[in-house]
Amino acid sequence: MAENHTQKKAKLISETRRRFEAEYVADKSDKYDPRDVERLQQDDNWVESYLAWRHNIDETLKMLDESFQWRKEISVNDLNESSIPRWLLEIGGIYLHGYDKEGNKLFWIRVKYYIKDPKTVLDKKKLIAFWLERYAKRENGKPVTVMFDLSETGINNIDMDFVRFIINCFKIYYPKYLSKIVIFDMPWLMNAAFKIVKTWLGPEAVSLLKFTSKNEVQDYVSVEYLPPHMGGTDPFKYTYPPLVDDDFQTPLCENGPITSEDETSSKEDIESDGKETLETISNEEQTALLKKSNPTESTSKVEEHEKVDSKIKAFKKPLSVFKGSLLHISPAEELYFGSTESGEKKTLIVLTNVTKNIVAFKVRTTAPEKYRVKPSNSSCDPGASVDIIVSPHGGLTVSAQDRFLIMAAEMEQLSSTGPAELTQFWKEVPRNKVMEHRLRCHTFENSKPNILTLKDNAFNMSDKTGEDIYLQLNRLLESSRKLEDQVQHCIWFQQLLLSLTVLLLVLVMSFFYLLYS
């Protein structure tokens, strides 16, 4: 059954490519960026993101046409920091920072910093596109939560053309990237404006609008990622430069020696302050973790591996693989930690060097105080693999908001790989030579999907399961439409009542004017 779905998906992707090339590219090649056309032919995930949102090829083709024309008009592929006026980057009105409770990146739009101005609207649109394109290239297909912060705003701050552009970004230009839009502290004067926004979103996405105040916003984002004016404790202050979307931190004791698991545990019992994080194992244990692919290994080396193998044999090897230019990384996207009930909280990352040179790697995380990683800064010989053990530190809880970043760079063949040499290497290696790959955290208890996740997964499930979910979604959408109709009737009745009141007031005033004139 899974094979049939894989074949069906591949057939849909192939047919979409063929028809777009024949029906659109042939006549409109000058309206598209050739890089987008080429990417469409090579990137299955990109095609699938459009198909999953529109559900049929005809609608998908129209969506691709509109999206590709927009991408060329605004030069999306060439957008960089120099494309954006510096004052827009410095003001801190639009940026990526933090995660919601489902682990989705937060895309902040601080409306109070912008006044409606036709002269700056194009630059603001480019800034939105810059951030979304930057995110999409790093986190292919992972949704964002838009934090629409309306605190301290008034009518002058509302630019409906700009709001419509943001909506279109997620409806057309970056489909499948929207988790929800959290609207915070909306003034009552803007109620009418956001009734219009609902019509732009369409019935499928209206349920993704979450209107909140200081009390409700914590239902979606924990206090650690909320600023104080939202009732949170996040000490983050926006500054530029540099860009602020990199939340990953270097471990405090990246090269701290550690002799054994048991000794470490006893140290933790004595030193309960939990200051040591993300430690690496000793040189001997690092060597033991390197599993050479050479079939002529000596018996003594096998014996040397037995101790480490016994420690990691309980781990279930990850099945999914991200195939990078320097390393193959498994799992591909998510680190699965066991539940508290299962008692197994550790997880495994397997790195395999696919180059002919030594590859240096290091692991960073958004929560360095939570995790121990062994090893977190080391190297991998050509054709070899390294098992990296990740475990929560000091009884802290794994969160879906936590992220890990694997950084890798190719070294010269004769390079030394000691701690001092690696430190110097990372200081000198050019940024464009570093491969990066991000991993999310997942616990078995935290497996509740949102409506968009259900919608996306329906694309990959069995026919029966997909049909059931589709029917459920249709019922939800029908309920949403009925609710919207009721709201529209209430609005119409309120408007009628207001008009009658005004008319009555005019008649009364006219009566008194005639009476006393």
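The values are calculated or read from the model by the stated rules, or taken from the named source; none is laboratory data. Small disclaimer: the values here were computed from a predicted structure and weren't measured. As a convention, Cβ positions derive from the backbone with ideal geometry for all residues, glycine included, and neighbour counts pool all protein chains shown. These accessible areas exclude ligands, DNA and RNA; they are computed on the full protein's heavy atoms, side chains included. Shrake-Rupley method; radii C 1.70, N 1.55, O 1.52, S 1.80 Å.
When the pairs Lys9/Lys31; Lys116/Lys210; Lys11/Lys62; Lys31/Lys237; Lys171/Lys370; Lys210/Lys346 are compared against a 30 Å limit on Cα-Cα distance, Lys31/Lys237; Lys171/Lys370; Lys210/Lys346 fall above it.
The order of Arg86, Arg138 by accessible area, most exposed first and with a 1.4 Å probe, is Arg86, Arg138.
The three principal axes of the Cα atoms in segment 48-150 give end-to-end lengths of 41, 36, 24 Å, sorted in falling order. With R₀ fixed at 30 Å, the C-beta to C-beta distance from Ser151 to Glu81 puts the FRET efficiency at about 0.65.
Rank by packing, highest mean first: peptides 424-431, 381-388, with packing defined as the count of other Cβ atoms within 10 Å averaged across residues.
381-388, 424-431
What FRET efficiency comes out for the pair Gln69/Gln218, r = Cβ-Cβ distance, R0 = 45 Å, nearest 0.05? Intermediate values should be presented prior to the final figure.
Working: r = 41 Å, r/R0 = 0.91.
So the FRET efficiency works out to roughly 0.65.
Packing around the peptides 27-34, 209-216, taken as the average count of other Cβ atoms within 10 Å per residue, puts them in this order, highest first: 209-216, 27-34. Hey, with R₀ at 60 Å, roughly what FRET efficiency would Met160 and Ser416 work out to, going by the Cβ-Cβ distance, to 0.05? Step by step, r from the Cβ atoms, then E = 0.50. The Rg/Rh ratio of segment 343-438, with Rg taken over Cα atoms and Rh as the Kirkwood radius over Cα pairs, comes to 0.99.
Model label points for His328 and Lys427, set 7 angstrom from Cα along the Cα-to-Cβ axis, are 3.6 nm apart. The packing ranking of peptides 60-72, 322-334, 361-373, highest mean first, is 361-373, 60-72, 322-334, where packing means the average number of other beta carbon atoms within 10 angstrom of each residue. Here the spin labels are modelled as points 7 Å beyond Cα on the Cα-Cβ line, and at Glu436 and Leu243 they lie 0.8 nm apart. Lys28: net charge of surrounding residues, Cβ under 15 Å, Lys/Arg +1, Asp/Glu -1, itself excluded? Cβ neighbours under 15 Å give a net charge of -4.
State the percentage of accessible surface on segment 1-94 attributable to carbon and sulfur atoms; use a 1.4 Å probe and exclude ligands, DNA and RNA. Carbon with sulfur: 46 percent of the solvent-accessible area.
What share of Cα pairs, in percent, lie more than 19 angstrom apart in segment 4-78? That fraction is 29 percent. Placing pseudo-labels 7 Å out from each Cα toward the beta carbon at Phe211 and Ser510 gives an inter-label distance of 3.5 nm.
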